[in-house]
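> One structure is given below, represented as structure tokens, and several questions about it will come after.
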Amino acid sequence: KINKRVIFTYSIFIVIIAYLLYSNSNLEKNNSTNNNTYNGKKAKYVFYFIGDGMGIPQVNAAEAYLAANSDIIGIKELNISHFPAQALFTTYAENRYITGSAAAATALATGHKTTINTISMDGSRQRPLKTIAEKAKDNGMKVGIITSVSIDHATPACFYAHQPLRSKYYEIGID
């Protein structure tokens, strides 16, 4: 029998709880730059889950392992595979293909690449990059960050802090 902690060791779950997916002002800004409009119901909550260090190969290996333990040929899907919306991101660093947690989380939190060991700042470590959590808060949404590790670790920190080095735990905590 598989232990869920083994599958999700070092997993970070970031939860962004929002009452609206986009505020009216944000929709107006988007409409002025493109012709795409969304007329459906606004989301009451948005959850952003991150399995730290978990890409397609890790998910596939876990699903194959579950299947093998159940005498099934092929895969036995994880619950995460049934989420109604999923996305894939490239998280390599600006200065190195093999990434680290800080650079990868910055890519996930801000949509921008940065250098190794940098917490939500540009590659030169001079300019803060606005995070999705900050944008949500600026648009009047309520935001929460939940993690299975210390809140000053690189992955959760990239959603609220801006520091040139991930080792600046005190400064990250102040942020």
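> Can you give me the Rg/Rh ratio for segment 32-121, using Cα atoms for both radii and the Kirkwood formula for Rh?
1.09
> Oh, and also: Rounded to whole Å, give me the distance from the Cα center of segment 52-71 to that of segment 97-175.
28 Å
Every number here is computed from the coordinates shown, using simple stated rules; none is lab data. Note that the coordinates shown come from a computational prediction; the quantities given were computed from them, not determined experimentally.
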